[in-house]
Protein chains: 2
Amino acid sequence: MYIIICKDEKSRARRGRLVTPHGVIETPVFMNVATCGAIKGGVSAFDLKDVHCQIMLSNTYHLHIRPGDKLVRDQGGLRGFTGWDGPTLTDSGGFQVFSLAGLRKIKEEGVTFASHIDGRRIFMGPEESMRIQSNLGSTIAMAFDECVENPAEYNYAKRSCERTARWLVRCRDELYRLSQDENTLNPGQLLFGINQGSTYADLRIRHMETIRELDLPGYAIGGLAVGEETEEMYRIIETVEPYMPEDRPRYLMGVGTPANIVEGVHRGVDFFDCVMPSRNARHGNLFTWAGKMNLLNEKYLNDPRPIDENCGCPACRNHSRAYIRHLIKAKEMLGMRLAVLHNLYFYNELTAKIREALEGGYYESFYQKYRTALAERRPD
Amino acid sequence: MYIIICKDEKSRARRGRLVTPHGVIETPVFMNVATCGAIKGGVSAFDLKDVHCQIMLSNTYHLHIRPGDKLVRDQGGLRGFTGWDGPTLTDSGGFQVFSLAGLRKIKEEGVTFASHIDGRRIFMGPEESMRIQSNLGSTIAMAFDECVENPAEYNYAKRSCERTARWLVRCRDELYRLSQDENTLNPGQLLFGINQGSTYADLRIRHMETIRELDLPGYAIGGLAVGEETEEMYRIIETVEPYMPEDRPRYLMGVGTPANIVEGVHRGVDFFDCVMPSRNARHGNLFTWAGKMNLLNEKYLNDPRPIDENCGCPACRNHSRAYIRHLIKAKEMLGMRLAVLHNLYFYNELTAKIREALEGGYYESFYQKYRTALAERRPD
């Protein structure tokens with residue numbers, strides 16, 4: 001059940017709450033990405049509590065290939081397997097099938113592809129994706145869709161959109177069937193549909209109108225941040241958002257920078273996820289309220305201050321820039337771990353501050369300040 | 001100040017306590033190795049508390065080369081830099097100079113060698129080693145010595161021994177001078193001398209008799225576990241131990257397996273250190289009270305039990321064999337981190353149980369049970 005607690009008057013921003021069988025999710029929310037059942041950088045489910053994560057996202061494709069979703073199911077699903085006891089979301093596997101796997105062959109039934117680990121041929125369609133996600137026992141399952149790269153040819157995008165809409169009906173029916181099974185891990189598993197249509201406004205709108213008819217518990221905007229300009233991404237969100245049901249959470253998949261998140265909220269988005277906080281951290285690229293910084297910069301060599309004096313993360317509470325910089329330079333895992341913990345804490349804090357601003361009625365000034373500030377380089 | 005709390009009647013084993021400016025060390029003790037100022041596997045100074053570490057060991061050679069001991073000093077020494085607030089020990093750099101660095105040239109003054117990072121020529125002698133260790137501000141500094149590989153030619157080992165004894169006097173004098181400096185980080189820094197002499201009983205004894213004259217706060221047995229058979233190592237400990245001062249801690253450098261530690265204690269050793277718990281962990285080789293296990297073994301694929309049901313480490317408290325095995329297979333850093341935490345906890349617990357057995361008067365039966373049990377493969 002999704003409740004809108006309050007809305008901003010000048011923008012499309014909303015402050016909401018999704019109640020799930022695995023706990024409450026306060027939105028806007030950033031989901032922390034644990035691809036193979038662990039956050040990159042040696043971060044465990046228990047560390048996620050420390051960085052104020054609300055919901056952990058894992059990848060269906062990766063877990064299906066290794067260790068296998070049946071094994072995860074035998075271990076109590078994602079929550080039992082990883083030890084994370086809060087809400088989880090699993091993607092459909094579609095994105096990885098279309099971006100990572102080799103030798104793809106798409107038919108109406110689904111996709112045949114080669115595993116990126118050992119090359120073995122695997123078939124995945126809407127039903128298979130739902131069965132895997134049911135085995136993983138996630139709180140929220142994502143529909144199996146085709147994510148086309150941008151730019152895409154109009155007629156291809158149109159046909160792909162129509163197939164994705166047909167696949168969504170099959171996803172819904174299969175998940176309904178699986179949820180009736182008395183041995184299912186999560187009988188209350190929620191299905192989110194995914195809007196596609198590349199960068200074409202008419203395709204995006206028509207597709208959204210079609211899939212909202214299914215009255216699903218949530219809807220995502222997919223196929224963005226895959227090659228198009230940032231301004232075009234914002235334009236598409238603005239185009240499709242009025243056609244999304246008001247009383248359902250909206251999830252902008254795979255986005256993005258802190259500034260992207262602020263802009264997304266402004267345009268009515270509630271859920272976000274991105275590998276950026278962990279991927280960037282490993283190269284010393286850190287996010288702070290005063291802007292971005294690269295810790296490998298020579299000027300931090302002997303700097304005794306924490307990454308950010310106003311940050312309460314485990315890295316900033318305990319360690320200096322000089323120490324973490326040394327660890328990353330020396331390729332010590334601890335350096336990556338501390339940097340990842342910092343960035344995840346920042347992303348979770350960012351959405352917490354957005355929620356506070358919406359509740360406090362000062363979202364407009366928050367937005368105006370941080371939409372630019374977060375994208376700039378930190379001065380010190 | 002070193003106090004012997006009690007001794008075993010049937011062996012040379014002792015239960016002791018070293019009081020230092022940075023805290024009390026209960027012996028026998030295992031020192032946890034943080035080579036570059038961090039334990040391999042993403043383990044921080046704060047995690048070390050969780051695995052019941054008493055004393056952290058860091059490497060002079062590595063820290064001198066990167067980030068530089070002056071930088072560490074500016075950050076408050078090893079304790080300020082890493083956040084570890086307990087006792088620390090630094091090795092002398094000698095072992096790495098003789099095993100890792102390239103193009104060595106040994107003279108009476110010291111050793112010229114090439115950095116293994118960038119090849120630049122570096123000179124290190126007794127005085128340089130003491131200055132670096134003084135900058136690192138460790139609780140215990142180790143004497144600069146030559147560690148010869150086994151087997152070594154008798155005359156070479158003899159000459160090397162004599163030089164190491166002359167170097168020890170220079171170490172003592174230089175550390176004394178440095179400790180008088182009003183800006184020194186640790187005016188109470190303790191110097192441990194190192195016994196050498198390869199596998200030759202007469203050289204070992206003569207060298208020990210020479211260096212004990214200096215009345216240092218502790219003595220180590222160096223140059224073991226560098227190529228000789230385990231039985232020969234035990235024989236050398238037995239040979240030299242009667243010549244070590246009774247009222248000073250004895251440290252067996254770089255040793256070893258859990259069984260080696262039990263055997264070392266039996267022969268009168270108080271301090272141990274080894275990279276084995278962290279190095280083995282990264283390949284899934286784990287230590288438990290029921291013997292060794294390799295977690296990558298197929299039989300653990302779907303095993304919901306913790307690594308060891310009787311272990312209280314952060315990995316065993318929270319995660320299953322199946323999960324940690326999956327993480328190591330998938331090369332997720334978290335897998336290595338959890339395995340390292342387990343092994344370090346086991347080593348620290350091992351010495352804690354040895355201390356309990358000595359205090360409780362049942363050391364003999366503990367020794368008889370675990371000298372073999374710990375070296376065997378775990379049955380389940």
Open item on the list: Filter the stretch B:343-375 down to the residues that are touching a residue at least 60 places away in the same chain (Cβ under 8 Å), touching a helix residue (DSSP H, G or I) at 6+ places or on another chain (Cβ under 8 Å) and open to solvent by 50 Å² or more (accessible area, probe 1.4 Å) and list them by number.
Closed with: B:371, B:372, B:375
Open item on the list: Here is a check on your reading of the model: is residue B:152 over 18 Å from residue B:73 (Cβ atoms), at pLDDT 95 or above, of a type in the set (A, V, I, L, M, F, W, C) and open to solvent by 10 Å² or more (accessible area, probe 1.4 Å)?
Closed with: no
TODO: Could you check residue A:117 against (1) away from chain B (no Cβ under 13 Å); (2) modelled with pLDDT under 95; (3) surrounded by fewer than 20 Cβ atoms within 10 Å (Cβ to Cβ) and say which number it fails?
DONE: (1)
Task: Neighbours by Cβ (under 6 Å, 6+ apart or cross-chain): first from the stretch B:79-98, within 14 Å of chain A (Cβ to nearest Cβ); second assigned to a helix (DSSP H, G or I) - done: B:81/A:323; B:81/B:72; B:82/B:45; B:83/A:318; B:83/B:45; B:84/B:45; B:85/B:79
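With the condition kept exactly as written, say whether any residue in the stretch B:308-317 is free of Cβ contacts under 8 Å to residues at least 40 places away in the same chain and touching a Gly at 6+ places or on another chain (Cβ under 9 Å).
No, every residue in the stretch B:308-317 fails to be free of Cβ contacts under 8 Å to residues at least 40 places away in the same chain and touching a Gly at 6+ places or on another chain (Cβ under 9 Å).
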Task: Check on residue B:94, over 17 Å from the mean Cα position of the chain (by Cα) and open to solvent by less than 10 Å² (accessible area, probe 1.4 Å) - done: no
TODO: Tell me which of these residue A:52 doesn't satisfy, since it passes every other one: (1) within 23 Å of residue A:345 (Cβ to Cβ); (2) open to solvent by 10 Å² or more (accessible area, probe 1.4 Å); (3) in contact with a Pro (Cβ under 6 Å, 6 or more places away or on another chain).
DONE: (3)
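Could you tell me whether residue B:118 is in a loop (DSSP other than H, G, I, E, B) and within 21 Å of the chain's Cα centre (by Cα)?
On the way: in a loop (DSSP other than H, G, I, E, B): yes; within 21 Å of the chain's Cα centre (by Cα): no.
Criteria not met by residue B:118.
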Task: Scope the stretch A:73-91; condition open to solvent by 10 Å² or more (accessible area, probe 1.4 Å) and within 19 Å of residue B:306 (Cβ to Cβ); matching residues - done: A:74, A:75, A:76, A:79, A:80, A:83, A:85
- [ ] Take the residues in the stretch A:1-43 that are among the hydrophobic types (A, V, I, L, M, F, W, C) and open to solvent by 30 Å² or more (accessible area, probe 1.4 Å), then tell me which one is nearest to the other protein chains (Cβ to nearest Cβ).
- [x] A:24
- [ ] Could you name every one of the strands (runs of 3 or more DSSP E) located completely within the stretch A:19-110 that has at least 2 residues being more than 20 Å from residue A:147 (Cβ to Cβ) and touching a Leu at 6+ places or on another chain (Cβ under 8 Å)?
- [x] A:23-27, A:29-33
Open item on the list: So residue B:46 passes all but one of these: (1) more than 9 Å from chain A (Cβ to nearest Cβ); (2) open to solvent by 20 Å² or more (accessible area, probe 1.4 Å). Which condition number does it fail?
Closed with: (1)
Open item on the list: Quick check on my filter: what residues within the stretch A:211-224 are in a loop (DSSP other than H, G, I, E, B) and either at positive phi or of a type in the set (Gly, Ala, Ser) (or both)?
Closed with: A:215, A:222, A:223
Task: Selection status of residue A:159, among the charged types (D, E, K, R), within 26 Å of residue A:233 (Cβ to Cβ) and surrounded by 21 or more Cβ atoms within 10 Å (Cβ to Cβ) - done: no
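The values are calculated or read from the model by the stated rules, or taken from the named source; none is laboratory data. None of the values given here were measured: they were computed from a predicted structure. Cβ coordinates were reconstructed from backbone atoms using ideal geometry, including for glycine residues, and neighbour counts include every protein chain displayed. To get the accessible areas, we keep the full protein, side chains included, count just its heavy atoms, and leave off ligands, DNA and RNA. Shrake-Rupley method; radii C 1.70, N 1.55, O 1.52, S 1.80 Å.
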